[in-house]
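This report concerns only the one structure given below.
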Amino acid sequence: MKAQSEKSPKLLNEPTVMYGHNNYYSLAEHDISKNYIKTILGISKLSLNELMAIIPISIDTYKRKTEFNPPVTEKILEIEEVYRTGLNAFGEGFHTWMATENVALGGVIPKKLLSNSFGVRKLLDEIGRMEHGVLA
């Protein structure tokens, strides 16, 4: 039988490509490192202030700590899933789409929907529809 550390990481240090993106559910139970968060900031091109408005910690806590608990992990994984899905489907133009007011999403800027899981699901649904050419 494998030791616990061999089965799954206790601290996520690198983006999900290292762990397998199909494991979001189990990965969300782990702590996450500041380096992982910095990588997602780079992928998403969100500013630190934009990210702090989404994840459940303050900027002071972010600056002080190097590891964060599972609620932070879950939000970072949601952001990563949206951006990886969108970038894989549409390339770098996805960043422009995420920052531009969208009529199909009720006139909101898509990245504003990252603030809760309902918005994340709406974004993933919309990306899937666009990927398959369903624009209405």
Pop out the carbon and sulfur fraction of the accessible area of the chain as a percent, whole number, probe 1.4 Å.
-> 52
Between the Cα axis of helix 34-44 and the main Cα principal axis of the chain, the angle (0 to 90°, nearest 10) is 10
Under a point spin-label approximation (7 Å from Cα along Cα-to-Cβ), what is the Phe118-His132 distance to one decimal in nm?
-> 2.4
Could you give the accessible area per residue of the chain, probe 1.4 Å, as a whole number in Å²?
-> 58
Which sequence of Arg84, Arg121, Arg129 reflects their accessible areas, 1.4 Å probe, from the largest down?
-> Arg121, Arg129, Arg84
Tilt, helix 117-131 to longest principal axis of the chain (alpha-carbon atoms), in degrees rounded to tens, equals 60
Would you mind computing, in nm to one decimal, how far apart the modelled labels at Phe90 and Thr66 are, each placed 7 Å from Cα along Cα→Cβ?
-> 3.8
If r is the Cβ-Cβ distance from Asn35 to Val103 and R0 is 25 Å, what FRET efficiency results, to the nearest 0.05?
-> 0.10
Going by a ≥ b ≥ c, the root eigenvalues of the Cα gyration tensor, does region 68-109 fall in the rounded group (a/c under 1.5), the prolate group (a/b larger than b/c) or the oblate group?
-> oblate
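The values are calculated or read from the model by the stated rules, or taken from the named source; none is laboratory data. Because the structure is a prediction, the values reported are computed rather than measured. As a convention, Cβ positions derive from the backbone with ideal geometry for all residues, glycine included, and neighbour counts pool all protein chains shown. Heavy atoms of the whole protein, side chains included, go into the accessibility calculation; ligands, DNA and RNA do not. Shrake-Rupley method; radii C 1.70, N 1.55, O 1.52, S 1.80 Å.
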